[in-house]
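Visitor: Below is the structure I would like to discuss, written out as structure tokens.
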Amino acid sequence: MTYSLADYHRALDTFLDDLRPLEEDLVAVLLFGSLARGDVRPGKSDLLDAYVVLRSEAATERTRYLNVLQVLVNAGIHLQQTGLPTHPFFYCFEHELDRSPALWLSLWRSNQTSRLLHGNDVRSCLKSCEESRAVARMSVFQMRQIAHQLSRYLYEDSLTEEVCAEIIEELATLKKFFPIMACLVLDNWITESQGKDELERTIAGVGADVLTRIMGFRDCTPACSDLQSWRTIIADLLQLVEQVHLSLVNDNLYERSPVFLSVFQAL
Amino acid sequence: MQVVAQNDSETFEQERNKVRDQLISRLGDRLESVLYYPHVFPRVDYRHPFAYGGFVVVFHDEVEQIVDAIAAAHSCVPPETALYCLRRRELFELSLPVFWFLRFVDHQMHLPWFVKYKGEVLFGRDLRDEIQLPANPRLLFHNKLEVCAHFLRSGVILELLVQGRYELLIRRLERQMKYLMASALLAHGEWDITLADVAEKFMRRYTDPKLNSIWRDFGQLCERNGSLPADEACQAAYEAAWLFETFLHRLWGELKSSQQGHDLFAGRLSPRT
């Protein structure tokens, strides 16, 4: 089945219609991701990178909560019925805006990567706490371990369609978050679109071309039987991850970041 | 893949030794150590023996071209088994938290304690003393709450309700409540828990009657789970989501009160020097 940009916009309109019964319990709907940036790849991009902000009372009053949840589920069902690639949207309650996950703030707050679809523009209220920022700035080290899991495919004699789809998803996720997490170690809070350039600028000697190639790989996926292509992209990404990791644990980079030092420096 | 019963310890030993021997054979002189650790909560939905723990493969500090070594290590270990690969000087990284999907956070949370105090050396140097414990486990508690608010609402509650998988949702939420309890206990330095005793230990430590009553109500839902007609199963799943949400809300309150007067960076992790 072939999809167009219009299918995505139609799904978005239906989504907003579906949320109408929430009435006063709906504070805001934010859009982020490819639809907000205007770079949807029809049939490839997922629906729906939305963040639904709900009135705080809906979190503490049982009947209200159950009604709200029912509305959200119905909206999710309609998204699924579009046939487009989907994942569930995010939601939170108004009193949680000042404890948003630090890692996602750059995606939600910037005018370049998000836009208000409905209600109050709460983006300036989105804040993270010290704990969240600290974890975000350390996450790249476990992300490295998550990336390592792709390495098992370097030794596979064959790949199924299902496995290839999983690999693509993993590659796309790493492409999106690894540069953000790596730059965070050095207190450089960047957006997804800045990932490659900022990584190359921040960490001297790193060539991050593989991040660009991953997007091409996703749009024009090689056949499962083309093992060499799959191995090359995985190996190149792992090389990048290891190169960045080595640079991050290098003493010079530690010295650049007082906050990082405050977490790691020996007593 | 061969499926082995949980209580078949002889087969488990054989399988684990087979992995160890493959690691030694493929990685040989690049290996500093191979450790095995049990996991805090064995996975109940998957019966492969290694779903109960994982391997830590430690390379010499001098190994520079590490990608090949990592790939070789991963090819020796069954796909569903956790495997951490790092150099000796990077061991401190095992103790660092991550803001990511639930399964990673849940596996990683107790990792340093379980490697250090319950891990076994399968090969090479005993590095368990070099594992540093997080100086401020409240950070892990906070992270677990944040991950639940962000990923669980969307990826578990909404997703499973949309798919109509009500029984599974209740099971997943029960397990996540136990993980939340485990992270709350960790905030007080209590790490040695099991799936069977975590609720009891939690209730002893956190005496808020509301938390207790939510857990009791959730237990009643779990008892009926699996035996309900479709419409009642749906209703039960929504109720489970509500109970989970209130549990999460109360725990945020507990965390806030426990944080008063504490400095986030009072204790620090340090790389091996």
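Visitor: Have a look at A:S100, A:S132, A:S114 and point out the one that is among the hydroxyl-bearing types (S, T, Y), facing chain B (nearest Cβ under 7 Å), touching a helix residue (DSSP H, G or I) at 6+ places or on another chain (Cβ under 9 Å) and open to solvent by less than 10 Å² (accessible area, probe 1.4 Å).
Guide: Testing whether each residue is among the hydroxyl-bearing types (S, T, Y), facing chain B (nearest Cβ under 7 Å), touching a helix residue (DSSP H, G or I) at 6+ places or on another chain (Cβ under 9 Å) and open to solvent by less than 10 Å² (accessible area, probe 1.4 Å) leaves just A:S132.
Visitor: Moving on. Within segment A:153-169, does at least one residue satisfy the condition of being in contact (Cβ under 8 Å) with a residue 12 or more places away in the chain, closer than 20 Å to B:F99 by Cβ and among the aliphatic types (A, V, I, L, M)?
Guide: no
Visitor: Moving to a separate point now. Please go through segment A:178-200 and give me each residue that is open to solvent by 10 Å² or more (accessible area, probe 1.4 Å) and modelled with pLDDT of 90 or more, ordered by number.
Guide: Selection gives A:K196, A:D197, A:E198, A:E200.
Visitor: Also, I was wondering about something else. Of the conditions (1) among the polar types (S, T, N, Q); (2) modelled with pLDDT under 95; (3) closer than 17 Å to B:V115 by Cα, B:N7 satisfies every one except a single condition; which number is it?
Guide: (3)
Visitor: Evaluate the following for B:A196: is it open to solvent by 40 Å² or more (accessible area, probe 1.4 Å), modelled with pLDDT under 95 and on the phi < 0 side of the Ramachandran plot?
Guide: Judged against the criteria, B:A196 is a match.
Visitor: Would you tally the residues in segment A:79-94 being open to solvent by 10 Å² or more (accessible area, probe 1.4 Å) and facing chain B (nearest Cβ under 7 Å)?
Guide: Residues meeting the conditions: 3.
Visitor: Given (1) in contact (Cβ under 8 Å) with a residue 12 or more places away in the chain; (2) in a helix (DSSP H, G or I), identify the lone condition not met by A:H118.
Guide: (2) is the only condition that A:H118 fails.
Visitor: Would you mind telling me which numbered condition in (1) more than 10 Å from every other protein chain (Cβ to nearest Cβ); (2) not in a loop (DSSP other than H, G, I, E, B) B:V162 fails?
Guide: The one condition B:V162 does not meet is (1).
Visitor: While we're looking at this one, here's another question. Among residues belonging to segment A:74-95 that are assigned to a helix (DSSP H, G or I) and touching a residue at least 40 places away in the same chain (Cβ under 8 Å), point out the one that is nearest to B:W100 (Cα to Cα). Break it down stepwise before answering.
Guide: Initially, segment A:74-95 is screened for residues assigned to a helix (DSSP H, G or I), giving A:74-81, A:94-95.
Still in the running and touching a residue at least 40 places away in the same chain (Cβ under 8 Å): A:74-75, A:78-79, A:94.
Numbers: A:N74: 27, A:A75: 25, A:H78: 27, A:L79: 24, A:E94: 22 Å.
Ranking the qualifying residues of segment A:74-95, first place goes to A:E94.
Visitor: Next up: Being closer than 11 Å to B:R171 by Cα and of a type in the set (A, V, I, L, M, F, W, C) is the filter; apply it to segment B:215-236 and report the residue that is most open to solvent (accessible area, probe 1.4 Å).
Guide: The selected residue is B:C222.
Visitor: Now a separate question. Every residue in segment A:201-242 that is more than 20 Å from A:E156 (Cβ to Cβ) and either in contact with a Ser or Thr (Cβ under 7 Å, 6 or more places away or on another chain) or open to solvent by less than 30 Å² (accessible area, probe 1.4 Å) (or both), please.
Guide: Passing the criteria: A:T202, A:I203, A:V206, A:A208, A:L211, A:L240, A:E242.
Visitor: Exactly one of (1) within 16 Å of A:T113 (Cα to Cα); (2) open to solvent by 70 Å² or more (accessible area, probe 1.4 Å); (3) in contact with a Phe, Trp or Tyr (Cβ under 9 Å, 6 or more places away or on another chain) is unmet by A:R62. Its number?
Guide: For A:R62, the failing item is (1).
Visitor: Could you grab the pairs with beta carbons closer than 7 Å, sequence gap of 6+ or different chains, first residue in segment B:151-170 and surrounded by fewer than 19 Cβ atoms within 10 Å (Cβ to Cβ), second one of a type outside the set (A, V, I, L, M) and not in a helix (DSSP H, G or I)?
Guide: B:G155/A:P88; B:E167/B:N225; B:E167/B:G226
Visitor: Listed residues B:L133, B:L145, B:L127, B:L111; which is more than 13 Å from chain A (Cβ to nearest Cβ) and crowded, with 19+ Cβ neighbours inside 10 Å?
Guide: B:L127
Visitor: So in segment A:135-170, with the set limited to residues that are of a type outside the set (A, V, I, L, M) and outside any helix (DSSP H, G or I), which one is nearest to the other protein chains (Cβ to nearest Cβ)?
Guide: Out of the qualifying residues, it is A:E156.
Residue-wise test of (1) crowded, with 21+ Cβ neighbours inside 10 Å; (2) among the basic types (K, R); (3) modelled with pLDDT of 95 or more.
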site	(1), (2), (3)
B:F50	yes, no, no
B:F59	yes, no, yes
B:I70	yes, no, yes
B:E80	no, no, no
B:L91	yes, no, no
B:L94	yes, no, no
B:P97	yes, no, no
B:W100	yes, no, no
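Visitor: So, one more: Check off (1) open to solvent by 10 Å² or more (accessible area, probe 1.4 Å); (2) closer than 28 Å to B:E174 by Cβ; (3) assigned to a strand (DSSP E or B) for B:L122 and give me the number that stays unchecked.
Guide: The failed condition is (2).
Visitor: Does segment A:10-25 hold any residues that are in contact with a helix residue (DSSP H, G or I) (Cβ under 8 Å, 6 or more places away or on another chain) and either free of Cβ contacts under 8 Å to residues at least 60 places away in the same chain or open to solvent by 70 Å² or more (accessible area, probe 1.4 Å) (or both), and which are they?
Guide: Result: A:P21, A:L22, A:D25.
Visitor: If we scan segment A:26-49, do we find a residue that is touching a strand residue (DSSP E or B) at 6+ places or on another chain (Cβ under 7 Å), buried (at least 20 other Cβ atoms within 10 Å of the Cβ), at pLDDT 95 or above and part of a helix (DSSP H, G or I)?
Guide: no
Visitor: Evaluate the following for A:G76: is it at positive phi and within 14 Å of chain B (Cβ to nearest Cβ)?
Guide: Judged against the criteria, A:G76 is not a match.
The values are calculated or read from the model by the stated rules, or taken from the named source; none is laboratory data. Everything numeric here is computed off the predicted structure, so don't read it as measured data. In this analysis, Cβ positions are derived from the backbone assuming ideal geometry, glycine residues included, and neighbour counts consider all displayed protein chains. SASA here: full protein model, heavy atoms, side chains in, ligands and nucleic acids out. Shrake-Rupley method; radii C 1.70, N 1.55, O 1.52, S 1.80 Å.
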